[in-house]
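A.B. asks: Here it is: the structure, laid out below.
The values are calculated or read from the model by the stated rules, or taken from the named source; none is laboratory data. Predicted model only: the values in this text are computed from it and were never measured. Here the Cβ positions follow ideal geometry from the backbone for every residue, glycine too, while neighbour counts run over all protein chains shown. Accessible surface areas use protein heavy atoms only, side chains included; no ligands, DNA or RNA. Shrake-Rupley method; radii C 1.70, N 1.55, O 1.52, S 1.80 Å.
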Amino acid sequence: MSLDSLLPPLGETIRCPCCDHLIPALVLTNAYLCPRHGLFEVGSKENEVIHLDSGRRWRSWQGHWYRQHQQIESLRAEFFAALDHLHHQGFHATGITLAQRYRELVTPYLDSGSDWFHRIYCGKLRLYGLPVTFQSETQADSRWQVISFELTKIPGSPKTYAYLTCTRTSKSWKK
């Protein structure tokens, strides 16, 4: 009997989806233990782990963990974190492409314009001020089964802030 047969299917160690530290597998289980975030169990889908305390799910694509959202609040939090990250890299978002699987989840939150003129003549759906498109049916590759969204970005700061950014300061505060 080899050690590999006693380990979970994802191997001896994985990176924690929350803190990105290497975490060890628990022998004779389908779980991994992060000292900071607790137990992660291997899910039923390929390359999936589930945080046992919260029920949050992540799937791996090309060595990175991507959260699988069940509620708009968690998708929104990830979206704002990505916008904040872009801002601090010197970019701003000009649009967002969402995975098809989130269409039903985000549709109640999409804005097509506040007046009849914008709804008829512009017709672009927006999410938090950014134009939204959904990944096309022809792009139904495995990447879109894992990732949630992609932001279109350009260098520089936005002229107007249609979405909230700047949750961190650029200077470090010292006591």
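A.B. asks: How much accessible area per residue does the stretch 29-92 have, in Å², with a 1.4 Å probe?
C.D. replies: Details: 3670 Å² over 64 residues.
It amounts to 57 Å² per residue over the stretch 29-92.
A.B. asks: Taking 0.36 nm per intervening residue step and subtracting the Cα-Cα distance, what contour gain separates Leu110 from Thr152 on full extension? Kindly include the intermediate steps, with their values, before the conclusion.
C.D. replies: Details: separation 42, 0.36 × 42 = 15.12 nm, distance 1.77 nm.
That works out to 13.4 nm of additional length.
A.B. asks: Another one. Would you kindly state how much longer the chain becomes between Leu28 and Ala77 on full extension, computed as 0.36 nm times their sequence separation minus their alpha carbon distance, in nm to one decimal?
C.D. replies: 14.1 nm
A.B. asks: Next question. Averaged across orientations, what area in nm² does the convex hull of the alpha carbons in the stretch 13-68 project?
C.D. replies: 3.6 nm²
A.B. asks: For Glu48, Glu41, give me the order by solvent-accessible area with a 1.4 Å probe, most accessible first, ignoring ligands, DNA and RNA.
C.D. replies: Solvent-accessible surface, decreasing: Glu41, Glu48.
A.B. asks: Turning to a different aspect of this structure: Under the Kirkwood approximation for Rh and a Cα-based Rg, what ratio Rg/Rh is obtained for the stretch 1-103? Mind dumping the intermediate values first?
C.D. replies: Values: Rg = 15.9 Å, Rh = 15.3 Å.
My calculation puts Rg/Rh at 1.04.
A.B. asks: Here's another thing I want to ask about it. With every protein chain left in place, what is the accessible area of Asp141 in Å² (1.4 Å probe, nearest 10)?
C.D. replies: Looks like 70 Å² after rounding.
A.B. asks: Quick one: putting +1 on the C-beta of Lys and Arg, -1 on the C-beta of Asp and Glu, what dipole do you get for the stretch 13-68 around its Cα centre, in Debye to the nearest 20?
C.D. replies: That gives a dipole near 140 debye.
A.B. asks: By the scheme Lys and Arg +1, Asp and Glu -1, what is the net charge of all other residues having a beta-carbon under 13 Å from that of Val146?
C.D. replies: +2
A.B. asks: If you don't mind, there's one more thing I want to ask. Which three semi-axes in whole Å describe the equivalent ellipsoid of the stretch 53-95, each the square root of 5 times a Cα gyration tensor eigenvalue, listed largest first?
C.D. replies: 22, 14, 8
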